[in-house]
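Enquirer: So that we are looking at the same thing, I have put the structure below in structure tokens.
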Amino acid sequence: MKPYLLFLTSLLATIAGAAQNKVNPVIKSYGTVFEIPTADHKPDPATEYKIIVELTENTPKADSLNIYLEAIATLINLHAAEGVPQKNIKLVVVLRKGATHAVFGDELFRKYFKVDNPNRQLIKELTDAGVEFYVCGQTMIKRNTKEEELMPGTKIASSGLTAISTYQLKGYTMIKF
């Protein structure tokens, strides 16, 4: 192969590889994203991103990670990969209906699904990154769930719907998975 072709091939491979670097800037074990240095649109690192996420569904397989929770990890990593400081990412998750299972402690999760809660580590990493989790108090009462049966750090809203409307009135952007 001619030297200039070898150089050109090597350069193109390097550029293609750089566009596909996988990173986990904040949530280290979940939500891997790709760096895209040539993107025409990127989040503004100076903006405070106030986001509320409504989750209403559990994963189809109880012994699997909740894909919607992993999407939250991806959301955080996408912003951070583009230079948004972690302090500028304000994220609240409201769990309603079937999604409340995601924050069950292991004992309650085993009672329903015969396995430990596979979301435990992901929720810990999200909580450590500043994500707040609110479970719908109405759903808890309907399912006879007690606060002490939930994962540590889980907060209770009087209702998921009022938590969502309150945060939206405070300027949070709504995302529903």
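Enquirer: Say we look at region 34-50 and pick out the residues that are among the charged types (D, E, K, R) and assigned to a loop (DSSP other than H, G, I, E, B); which of these is nearest to residue 73 (Cα to Cα)?
Expert: Initial filter on region 34-50 (among the charged types (D, E, K, R)): 35, 40, 42, 44, 48, 50.
Now restrict to residues that are assigned to a loop (DSSP other than H, G, I, E, B): 35, 40, 42, 44, 48.
Working: 35: 15, 40: 23, 42: 18, 44: 19, 48: 17 Å.
Among them, the one singled out is 35.
Enquirer: Right, here's the next one. Within region 138-163, work out how many residues are within 20 Å of residue 111 (Cβ to Cβ), more than 19 Å from the chain's Cα centre (by Cα) and not hydrophobic (A, V, I, L, M, F, W, C).
Expert: 9
Enquirer: When you go through 69, 55 one by one, which is the residue that is touching a strand residue (DSSP E or B) at 6+ places or on another chain (Cβ under 7 Å) and within 16 Å of residue 93 (Cα to Cα)?
Expert: It is 55.
Enquirer: Right, next: Is it the case that region 77-86 has a residue that's of a type in the set (A, V, I, L, M, F, W, C), modelled with pLDDT of 95 or more, in contact with a Phe, Trp or Tyr (Cβ under 7 Å, 6 or more places away or on another chain) and not in a helix (DSSP H, G or I)?
Expert: Looking through region 77-86, at least one residue is of a type in the set (A, V, I, L, M, F, W, C), modelled with pLDDT of 95 or more, in contact with a Phe, Trp or Tyr (Cβ under 7 Å, 6 or more places away or on another chain) and not in a helix (DSSP H, G or I).
Enquirer: Let me ask another. Considering every residue within region 8-23, establish whether at least one is of a type outside the set (D, E, K, R), surrounded by 11 or more Cβ atoms within 10 Å (Cβ to Cβ) and modelled with pLDDT of 85 or more.
Expert: yes
Enquirer: Which condition breaks for residue 31 when tested against (1) part of a loop (DSSP other than H, G, I, E, B); (2) over 12 Å from the mean Cα position of the chain (by Cα)?
Expert: Just one mismatch for residue 31, condition (2).
Enquirer: For residues that are exposed (fewer than 13 other Cβ atoms within 10 Å of the Cβ) and more than 17 Å from the chain's Cα centre (by Cα), tally how many sit in region 167-177. Talk me through it step by step, then tell me what you get.
Expert: In the first step, residues of region 167-177 are kept if they are exposed (fewer than 13 other Cβ atoms within 10 Å of the Cβ); the result is 169-171, 173, 176.
Add one more test, that the residue is more than 17 Å from the chain's Cα centre (by Cα), and what stays is 169-171.
Number satisfying all stated conditions: 3.
Enquirer: Could you please find all residues in region 24-40 being modelled with pLDDT under 95 and among the basic types (Lys, Arg)?
Expert: none
Enquirer: With the structure loaded, tell me whether residue 66 is touching a Gly at 6+ places or on another chain (Cβ under 6 Å), closer than 30 Å to residue 24 by Cα and not aromatic (Phe, Trp, Tyr) or whether it fails that test.
Expert: No.
Enquirer: Can you confirm whether residue 163 is under 16 Å from residue 68 (Cβ atoms) and not in a strand (DSSP E or B)?
Expert: Taking the combined requirement at face value, the residue does not satisfy it.
Enquirer: So how many residues does region 102-129 have that are buried (at least 22 other Cβ atoms within 10 Å of the Cβ) and either polar (S, T, N, Q) or assigned to a helix (DSSP H, G or I) (or both)?
Expert: Just the residues of region 102-129 that are buried (at least 22 other Cβ atoms within 10 Å of the Cβ), to begin with: 102-104, 109, 117, 119, 123, 126.
When the remaining residues are screened for being either polar (S, T, N, Q) or assigned to a helix (DSSP H, G or I) (or both), the result is 102-103, 109, 117, 119, 123, 126.
Of the residues in that region, 7 qualify.
Enquirer: Any residue that is within 26 Å of residue 26 (Cβ to Cβ) and either surrounded by fewer than 13 Cβ atoms within 10 Å (Cβ to Cβ) or in contact (Cβ under 8 Å) with a residue 60 or more places away in the chain (or both) - is there at least one of those in region 136-156?
Expert: There is at least one residue in region 136-156 that is within 26 Å of residue 26 (Cβ to Cβ) and either surrounded by fewer than 13 Cβ atoms within 10 Å (Cβ to Cβ) or in contact (Cβ under 8 Å) with a residue 60 or more places away in the chain (or both).
Enquirer: For residue 91, only one of the following conditions fails: (1) under 24 Å from residue 168 (Cα atoms); (2) over 12 Å from the mean Cα position of the chain (by Cα). What is its number?
Expert: With (1) under 24 Å from residue 168 (Cα atoms); (2) over 12 Å from the mean Cα position of the chain (by Cα) applied to residue 91, the lone miss is (2).
Enquirer: Taking region 42-52, which residues are of a type outside the set (D, E, K, R) and either under 12 Å from residue 93 (Cα atoms) or modelled with pLDDT under 95 (or both)?
Expert: Listed by number, the residues that qualify are 51, 52.
The values are calculated or read from the model by the stated rules, or taken from the named source; none is laboratory data. Not measured: the values here are computed from a predicted model. Reconstructed Cβ throughout: ideal geometry from the backbone, glycine too, with neighbour counts over all protein chains shown.
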